[in-house]
Structure formats: C-alpha cells, structure tokens
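Just below is one structure, and these are the notes that go with it.
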C-alpha cells in the first residue's frame, strides 16, 4: 500500500513538473500569466512572483548553465568600482530617507588594474530603484582622469529596471538624430564582489551633447520630481497639475537657465491657448515628427509624461527639443481599446491609461499632432518603418545577440530574456501593421454642381492626397481628415471651380505611399439652379 501511494505521488509529481514546464514554455500561457495573473498576485504578496519563478527556473536550467559555462564573461563585460568603507556607510545612511537623497561620494573606477578617481551618487526617483538591495547609480570621472574606455559621465541602471529592449529603442532614436543615448549591458563589481547586471549608458550632459549633436549652449527643463506630492498619492505617478507652470521646474545653477525658463513659460502659454502656429516656431518640426514616430511604433507614453519628460533648450537655434529616453521595451496596445487603425493616433496616449492620456504634458504632443504639416511629416517617417519592418526586427535581434553573454550571467532565466525580445517584436509588428492600414486607407467622396461648376470633395484619408486633373495639379497636399486638439476627427471639405468636368480627368495619389488611388472613389452630381427643365418631368 505504501509503495502504491509512493508511486502515485511520484507519478503525480512528474506530471505536475511536465505540465508546468510545458505551460512555462508556452508563449501564450506565459504572456497570459505575465499580464493577467502575476500583477494581482504580486501586489497581494508584495513580491514579483514571476520574477521569483524565473530565478528558480534559472537555477535548474541545465542548458542555460551549459551556455553560461561555454560563454564566459570577458573583462570588457565588467565595470569595477572601489568604494571606501566610510563612503559605503554614508551611502547606506542615505537610503533611510524618502525620497532618497542623491549626494556624491568619492569612488575609484578600476580600469586595467589602475584606479581612476570618480564620484558616484544614487540614480532614480521611483521606489523600484531602491528595492532588493541593488541600486542604480550616476558616475562621473574626475576631470583630468578621462579614459577612452568609459564615458566621462554615465549611468548604471540595475538590470531589473533596464534591459536590451531599452537599448534597441534608444539606439534607433539616436540613429534618427533624436537626442537619445544608448549603451550596453555590463556586470558590476563593487570592491571585487559581483553585484549583478546593469545597463551602462552615457548621461546626456555636456560631453555627449557637444560630441553627438554639436550643442554647446543649452539648458535642461525638467519637472520637480517629488513623489510625496498629492498627485502621486492619488495614483497619478509622474503627472502633476503644475507641469505647464515654470514654478514646477527644477532649479539649475547654470546662468542660462532663467532665460530658458522664460522661453518655457511662453511655450506653455501657447499650449494652454492651443496656439499651434506659435508653438511650432519654438520647436524643430522635423525632429518632433521623428520623435512621435519612434514613440508610437513602440507605444509607450511613459517617458513623455510629467517628471519623466525633459526638454533641452538650444540657445543657438532658439528651439526646444524633448529628450528621447525610452524606459521600457514598449507596451502592447490595450485590448480594451478599439484595436483598429482608425484609432491609430490615440494608441500612444492611452498606452498607460487615462491619467497619462489626460496629463498636462500630453497636451503638448496632441496639439502638435493636430497640425497637418507635422502629422504629414510623421506619416512619412512612419511609412519608412512600415517598408523596412524586417530590417528593423533584424536590428533588434542583433542588439539582443550583442548583449546575450551578459544576460546569460545576469541571474535571470533565458525564458524571461527571450520573452522580452518576443514581446517587443510583437508590439512592433502590431503597430506597424496598423500603421500600414492607417496610411493606406482612402475613400474619395465628391459632388459636382452642374449649375455653379463647384466641385466639392472630401478625401476621407489619414494620409494627405494629391489631386491631378489633366496632368495639372489642382491640390498638392489635401488633408481630408484633420485632428482636433483632443485627437478627434475634424473633416476638411475642399471646393474647386471646374468648368469642363469629367470623372476620367482626375487622378488621386496617396502622398505617403505614392500609390494611385483606384478604388472607393465616389462622384455624384447636383443641380442648384432654381429652375427645372420641364422635359425632365415628363
């Protein structure tokens, strides 16, 4: 009887292990657990359950251990810090404060067994940056001790808060000329002890801006990041009711900052007045078109909101440039939202829920999208990605491959690492497929008044349309669907005087795809004269 029960327990245990393994490696179930089951359970118990499961699986992952053994870390994969005991003690003391005080301490960056003097402080405002006994840092090498192996000033963001998904987005943004820094994954050692995996990335300061963008005279506008404010208590996170007020901007010691604040005050005035023409004079329109393009294809408004959003004011150009710094690998389009291309311009702003969509800073981006010129430019940039989707996915895979060895030694499961990549690619495929439908949608509705010779037309299309009649362009860029400041549709009807009218004389071209529109073109005829030919009544 004992052997029978023992066998049943053994068989049941094996079945449970097999079923658990199958479910764990099933993409659909893993995604369901990740999005639906893990969040409420983790919130209830106060710990990330899936994170713990992944770590447990990592420990028994024989294949992963084999790959880890056959792909050892090299010295270039490490960052070594030496911190004196008194400085370690001081850093621990700072952790007793909320919010954590960010004060510099002296450290040494060890490069080729040579100590390089530097200073270090904590990085991050959210509580997640200070959980688990692992912390993020900002490090700056002291003047006169620069080494070409490292950036003069950089951040080490713990791997739990950053991974290759961020690298791929920020690298893409940087390649398009956006003010964005990207780096690589490293293993941090402090006083000879491995702390774990970190995202090593240059800080967007003087050296970076001068070298990469030829920006010398600038000021950074950023919101006060005090998470004890009432908005945070009410669950609004990064948002504040004061985000469009200069009184809510962090003080900077540089002498140019007061002038930048005055310009910011003017920009906020234009935002609140919905004055898009004046607002456009304070920004680089093509830059903003690219910024909004990259943001929407990865569908994450998080870094564009409240105290996450940072503006650089370039005094030479007299323009504001929002800094692009993705903090996640992207967000799936909310299944509760109407998932179709008709709502394409809204997806980004609802990616983090109502509070983000209704934020003060969201007004800035929505007003810009309501401008036909800027949105047309955004659409052109968007179409480039639609056409190059496969090559873009290849770039993402290459970035993962370049960081693969460090991630093998990160202590997290290969399953979690691969899932992040799969999820990011799926997000990209979804947004680009919707973008393709959005950009190519077009219906042409028109009426010709045979009495007045008025030709009224609506190009029911999200892309601008060119109209050609008998080889002559009568409208080079017609936007039938415009957007209001809240991104609701605003239809624009256009009238032309056409004396000799024939449907065959007209050609309609999608300006974004350059395709000739051949289907869904509708003509009708109206007679607005006061008299009716009596012969027509017989």
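The values are calculated or read from the model by the stated rules, or taken from the named source; none is laboratory data. What you see is a predicted model; the values in this text were computed from it and never measured. Cβ sites come from the backbone with ideal geometry, for glycine too, and all protein chains shown count toward neighbours.
Values for this structure:
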read-out: Number of the condition not met by residue 179 [criteria: (1) closer than 28 Å to residue 270 by Cβ; (2) modelled with pLDDT under 95]; value: (2)
read-out: Exclusive hit being free of Cβ contacts under 8 Å to residues at least 12 places away in the same chain and either closer than 17 Å to residue 488 by Cα or outside the structural domain of residue 243 (by TED's automatic domain parsing) (or both), set 343, 418; value: 343
read-out: Some residue of the stretch 374-391 being touching a residue at least 60 places away in the same chain (Cβ under 8 Å) and loosely packed, with under 15 Cβ neighbours inside 10 Å; value: no
read-out: Residue tally, condition within 20 Å of residue 264 (Cβ to Cβ) and either part of a loop (DSSP other than H, G, I, E, B) or modelled with pLDDT under 80 (or both), over the stretch 232-254; value: 13
read-out: Single condition residue 403 does not satisfy, out of (1) modelled with pLDDT of 90 or more; (2) over 30 Å from residue 70 (Cβ atoms); (3) crowded, with 21+ Cβ neighbours inside 10 Å; value: (2)
read-out: Out of 156, 178, 172, 209, sole residue that is surrounded by 16 or more Cβ atoms within 10 Å (Cβ to Cβ) and touching a strand residue (DSSP E or B) at 6+ places or on another chain (Cβ under 6 Å); value: 156
read-out: Matching residues, the stretch 100-130, being touching a helix residue (DSSP H, G or I) at 6+ places or on another chain (Cβ under 9 Å), surrounded by fewer than 19 Cβ atoms within 10 Å (Cβ to Cβ) and part of a loop (DSSP other than H, G, I, E, B); value: 101, 102, 103, 112, 125
read-out: Count of residues meeting criterion [farther than 13 Å from residue 304 by Cβ, surrounded by fewer than 21 Cβ atoms within 10 Å (Cβ to Cβ) and in contact with a helix residue (DSSP H, G or I) (Cβ under 6 Å, 6 or more places away or on another chain)] in the stretch 353-370; value: 0
read-out: Single unsatisfied condition, residue 332 versus (1) surrounded by 19 or more Cβ atoms within 10 Å (Cβ to Cβ); (2) outside any helix (DSSP H, G or I); value: (1)
